[in-house]
Amino acid sequence: MGDPMRFRTSAPQDTLEKMSDEDEVPVVKKARIFYGSLEEKEKQRLSREGISTSAKDAVKAGIEAGHINISSGESMEMEERVSERQAEVLAEFERRKRARQITVSTDDVEVKACLRALGEPITLFGEGPAERRERLRNILSVVGPDALKKSKKEDEKAKRTQDEYQQTWYHEGPSSLKEARIWLAKYSLPRAVERLDAARAQKEIPESTRTVKQQELHKTLRNVNNFCSQIGDDRPISHCQFSPNSKLLVTASWSGLCKLWKVPDCTLIRTLRGHNTNVGAISFHPQATLTLEESDVNMASCAADGSVKLWSLDSDEPVADIEGHSMRVARVAWHPSGRFLGTTCYDNSWRLWDLEAQEEILHQEGHSKGVHDLHFHPDGSLAGTGGLDAFARVWDLRTGRCIMFLEGHHNEIYSINFSPNGFHVATGSGDNTCKVWDLRHRRCMYTIPAHENLVSSVKFQPNDGHFLLTGAYDNTAKVWTHPGWSPLKTLAGHEGKVMGLDLSPDGQLIATCSYDRTFKLWMAE
């Protein structure tokens, strides 16, 4: 019998075995591929085989016909082409290799934070912590672990930029401001000492005696009634204030006129003409009618067109104009020394003017909306501002810093007033409440649900602060005890909203002015 037949099977060349993570990368074989002339090779073959001349002629004819390309003998190295599928497998192998080398936190919270930083969903439907961790590892193997570091660096840079933006910054002020601050410190410190000495002396009085005096005051206030009512203008009256000697009352109107009245008989003395639009406020100099001459600057007023004017008592025309405001000026207030004048403006700032140097020494920003009211501390060391942003601020005039931020009102603050005791400040707001703040504890100590409409004005008793007055757009003014904050008397009688009020320095009269174009005087019977 002959030899048995042998069969040999071979796998198809296109079949590619699956590669595991542990397989080695296949070695790529290189072959030498010729481009150009095969003339020498063909000659050698023909000489070996002894091909006839006719065959040579046939080859020559093929070359001439262009069927055989014979030129110079150039050659080059070329890698063997790898199939597309094999390239994908190699890339996947490399990715898995990188993934095994990446360290991923086992804390699920940190894994979620990393996914969020990379802009990926922090969780997928049905995904557990282990799957989420593996997904993060796979993402990092594609984008690279440096992507997470770059993302963290960008977040830190953005946070640092935001912190720098929120930092308080200072710029160098003029020398006149520095001199004014030193002057204010020398002025206010002795007054603070006097106030504290008076408080200690008051504390030495027996409590029973103080209680009796308080009860007598409350009894007097309960008997306060309307003493005089006077039509003050043909437009609403926006502001009123008593003179320091309690013998004069000045009113400001939306007609642009300010009028000087004699009290308590309410006879008109003089009409001050100078403003062309709504006058927001007019205020007496602290020494007007006391030590100042009538020809000196005794009053200051402001209007909605940004004008601020200074007045004397012997003329119906302004003595001087203060220029610099481009928007509505809501209030003017004199510093207790009489040297400085403060103005609040709807450009979100308030300003301090040195009338001796005749220049603006401070343009203070800090509110996010218009500043409506301003009041100075009795010592002259602090200034309180209330704004339409529902916040009030207390500023130290000696350093320029905001030392207290009064946050708690829900609507605009229309009035702010310091108590003569030096550590209480009251604010009236569009949320119908009056809040009393304690500067010592830096917090709101009491909220008075004062009125049924916005509170337009608040005022402590000017001498010892034993009671508080509030006026509101519910057509009434109210008297409150201090401390205790219980209502003593409601001053009702106006037919329109109460826009302003004041107490005479001698403690005898209360004045209210209203949208009904009248002002009224109130006195205890």
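The values are calculated or read from the model by the stated rules, or taken from the named source; none is laboratory data. Everything numeric here is computed off the predicted structure, so don't read it as measured data. Positions of Cβ are generated from backbone atoms using ideal geometry, with glycine treated the same way; all protein chains shown enter the neighbour counts. Side chains are part of the model used for accessible areas, which takes the heavy atoms of the whole protein and leaves out ligands, DNA and RNA. Shrake-Rupley method; radii C 1.70, N 1.55, O 1.52, S 1.80 Å.
Screening GLU154 on (1) exposed (fewer than 13 other Cβ atoms within 10 Å of the Cβ); (2) touching a residue at least 12 places away in the same chain (Cβ under 8 Å) shows it passes everything except condition (2). Do we have PRO206 as open to solvent by 40 Å² or more (accessible area, probe 1.4 Å), modelled with pLDDT under 90 and either over 30 Å from MET327 (Cα atoms) or of a type in the set (Lys, Arg) (or both) here? Judged against the criteria, PRO206 is not a match. A search for C-beta distances below 7 Å between a residue of segment 330-346 that is in the same structural domain as TRP183 (by the TED database) and assigned to a strand (DSSP E or B) and any residue that is open to solvent by less than 10 Å² (accessible area, probe 1.4 Å) and acidic (Asp, Glu), counting only pairs 6+ apart in sequence or on different chains, returns PHE340/ASP354.
Picking from residues in segment 221-265 that are among the small types (Gly, Ala, Ser) and either in a strand (DSSP E or B) or outside the structural domain of ILE282 (by the TED database) (or both), the one that is nearest to LEU292 (Cα to Cα) is ALA252.
Being polar (S, T, N, Q) and either under 28 Å from the mean Cα position of the chain (by Cα) or under 17 Å from ALA252 (Cβ atoms) (or both), is that true of even one residue in segment 288-297? No, segment 288-297 has no match at all.
Checking ARG133, ARG98, ARG116, ARG160 one by one, the residue that is modelled with pLDDT of 80 or more, open to solvent by 100 Å² or more (accessible area, probe 1.4 Å) and in a helix (DSSP H, G or I) is ARG116 and no other. Counting only residues that are out of contact with any Asp or Glu (no Cβ under 8 Å at 6 or more places or on another chain) and either part of a loop (DSSP other than H, G, I, E, B) or without any contact (Cβ under 8 Å) to a residue 12 or more places away in the chain (or both), segment 350-370 holds 5 of them. The residues listed here are ASP379, ASP373; of these, the one that is more than 16 Å from SER176 (Cβ to Cβ), touching a helix residue (DSSP H, G or I) at 6+ places or on another chain (Cβ under 6 Å) and either touching a residue at least 24 places away in the same chain (Cβ under 8 Å) or not in a loop (DSSP other than H, G, I, E, B) (or both) is ASP379. For segment 163-170, the condition holds for no residue, the condition being that it is over 30 Å from PHE340 (Cβ atoms) and touching a helix residue (DSSP H, G or I) at 6+ places or on another chain (Cβ under 8 Å). Out of curiosity, is GLU452 open to solvent by 20 Å² or more (accessible area, probe 1.4 Å), under 20 Å from the mean Cα position of the chain (by Cα) and not polar (S, T, N, Q)? Answer is no for this residue. For segment 429-437, check the following and say yes or no: at least one residue is open to solvent by 10 Å² or more (accessible area, probe 1.4 Å), assigned to a loop (DSSP other than H, G, I, E, B) and among the polar types (S, T, N, Q). Checking segment 429-437: at least one residue is open to solvent by 10 Å² or more (accessible area, probe 1.4 Å), assigned to a loop (DSSP other than H, G, I, E, B) and among the polar types (S, T, N, Q).
Selection of segment 349-379 for residues being over 20 Å from the mean Cα position of the chain (by Cα) and over 15 Å from VAL425 (Cβ atoms) yields LEU352, TRP353, ASP354, LEU355, GLU356, ALA357, GLN358, GLU359, GLU360, ILE361, LEU362.
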